[in-house]
Amino acid sequence: MAEMLFNGSVVLIFFAYFGYPVTLLLVRWVCGRDVERAAVLPSVTFIVTVHNEEKRIKDKLENTLSLDYPKAKLQIIVASDGSSDRTNEIVRDYCSHRAVLLDMPDRRGKEHAQKEAVKSATGDIIVFSDVATTMEAGGLRQLVSSFADPTVGCVSSEDRLLGRDGKPSGEGLYVRYEMWLRALESKANTLVGLSGSLFAARKEVCEDFSGELQSDFRTVLNSVKMGLRAVSDPLAVGLYQDTADQKREWDRKVRTVVRGLTVFFRHVELLNILRYGLFSYQLFCHKLFRWLVPIFLIVAFVSNLVLIHGSFIYSVLLLVQLSLYGCGILGLLRPKTQEMILVKVPVYFLAVNASILFAWSRYLSGQRVITWTPTKR
């Protein structure tokens, strides 16, 4: 029994991270879907949601205003969710430069602020961006080029995460894996999730916008329900730095999963493979299966302890597990050791799966997340 649990858990863990991408490669080879991009210039509403961002909003507005896009076709809305610092004052200084301040005195959460901004949007395409994310001059043109394809309902940017030294962090390696997986999903069928820090959608996809549910995940689900798909564009890059506050980064990871679980279980009808086909399989593997990895890890570890007696192979496998977790714990206790690749990857793997486990406990206890404190980067 213990051997079956161990082997099954290991297989499921590897399938979650590697088996699922292999199946996407096969689908891509048999019946892949390309994106027909073209140099189109639709009207765009660029929404930036903020809460107490007096230190970063100026740089964000300067970056947005510097984008190479026709001024007459670009509307910029800053949705201020109960900001109590100088954020609103700074934004008002830019109102003569095409920026519009949407001031909501009562703090009700990121999605509520986005929902109110969508009501004021005049563009055919709506772009959602975090204050910490910047774009290159041609980034917006690239992001909207995918909408030349009538099958596309929403588009995700590609995340580029840099450490304080300008080099990829341990999380940066994980982000690159996620970007690779998104590219596979995009070529095979559709994405399952967008980059919450920078994505775009057709206005009609946003008409049923929720003020409570995670917008980047739900936008994909809305697109699929409308018979459209979500794609990624590797040339539309969103740049942001690694977090300066590890406690807030932990909170962000937990918050993201709790919100993802909330959206998932309110749209379980999308698991109906007879109606939604390949997307149902993708949704199950990329979301629910990945969120179950911490459970598989615990089962693998406990069953491995039972199996080590008199078995050299299982003793070695337990040593491998202990080494992985040991490197992760070492990196958490001594941050300087995270400069080593053999430490930074286990640190992030351990942190992300621990945060998922903690998110499950919060979700199952009935806790939900609506308001948020932006992660300082």
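The values are calculated or read from the model by the stated rules, or taken from the named source; none is laboratory data. These numbers were taken from a predicted model, which means no experiment stands behind them. Positions of Cβ are backbone-derived with ideal geometry, glycine not excepted, and every protein chain shown enters the neighbour counts. For the accessible areas, the whole protein counts, side chains as well, though only heavy atoms, and no ligand, DNA or RNA atoms are used. Shrake-Rupley method; radii C 1.70, N 1.55, O 1.52, S 1.80 Å.
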Condition first: open to solvent by less than 40 Å² (accessible area, probe 1.4 Å), hydroxyl-bearing (Ser, Thr, Tyr) and not in a helix (DSSP H, G or I). Now tell me which residues in segment 52-78 satisfy that.
Tyr69
Of all residues being in contact with a Leu (Cβ under 8 Å, 6 or more places away or on another chain) and of a type outside the set (A, V, I, L, M, F, W, C) in segment 246-264, which is surrounded by the fewest Cβ atoms within 10 Å (Cβ to Cβ)? Just the residue, please.
Thr262
Give me the residue from segment 203-260 that is of a type in the set (Phe, Trp, Tyr) and modelled with pLDDT under 90 and, out of that set, farthest from Ile47 (Cα to Cα).
Trp250
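Rundown of residues vs (1) closer than 17 Å to Cys285 by Cβ; (2) of a type in the set (Val, Ile, Thr), yes/no style:
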{"site": "Val27", "(1), (2)": "yes, yes"}
{"site": "Val35", "(1), (2)": "no, yes"}
{"site": "Val48", "(1), (2)": "no, yes"}
{"site": "His51", "(1), (2)": "no, no"}
{"site": "Glu54", "(1), (2)": "no, no"}
{"site": "Ile57", "(1), (2)": "no, yes"}
{"site": "Ala72", "(1), (2)": "no, no"}
Criterion first (assigned to a helix (DSSP H, G or I), out of contact with any Cys (no Cβ under 7 Å at 6 or more places or on another chain), in contact (Cβ under 8 Å) with a residue 12 or more places away in the chain and of a type in the set (Asp, Glu)) does Asp251 satisfy it?
yes
Which ones in segment 86-112 are surrounded by fewer than 16 Cβ atoms within 10 Å (Cβ to Cβ), in a loop (DSSP other than H, G, I, E, B) and not charged (D, E, K, R)?
Pro105
Only one of Thr122, Thr49 that is among the polar types (S, T, N, Q), assigned to a loop (DSSP other than H, G, I, E, B) and touching a residue at least 40 places away in the same chain (Cβ under 8 Å):
Thr122
Verdict on Val343 being open to solvent by less than 60 Å² (accessible area, probe 1.4 Å), within 27 Å of Val131 (Cα to Cα) and either at pLDDT below 75 or in contact with an Asp or Glu (Cβ under 8 Å, 6 or more places away or on another chain) (or both):
no
Which one is surrounded by the fewest Cβ atoms within 10 Å (Cβ to Cβ), of the residues in segment 187-242 that are over 25 Å from Gly277 (Cβ atoms) and among the small types (Gly, Ala, Ser)?
Gly211
Given the condition open to solvent by 50 Å² or more (accessible area, probe 1.4 Å), part of a helix (DSSP H, G or I), of a type in the set (S, T, N, Q) and modelled with pLDDT under 85, answer yes or no: does some residue in segment 313-334 qualify?
no
Residues (among the basic types (Lys, Arg) and surrounded by 17 or more Cβ atoms within 10 Å (Cβ to Cβ)) located in segment 265-294
Lys287, Arg290
Residues satisfying the stated conditions in segment 1-45, i.e. outside any helix (DSSP H, G or I), open to solvent by less than 50 Å² (accessible area, probe 1.4 Å) and over 20 Å from Arg141 (Cβ atoms)
Gly32
Need pairs with beta-carbon distance below 7 Å; first residue under 13 Å from Phe15 (Cα atoms) and within segment 271-293, second part of a helix (DSSP H, G or I) and of a type in the set (Asp, Glu); sequence gap 6+ or separate chains.
Gln282/Glu185
Within segment 145-152, is there a residue that is open to solvent by less than 20 Å² (accessible area, probe 1.4 Å), in a strand (DSSP E or B) and at pLDDT 85 or above?
yes
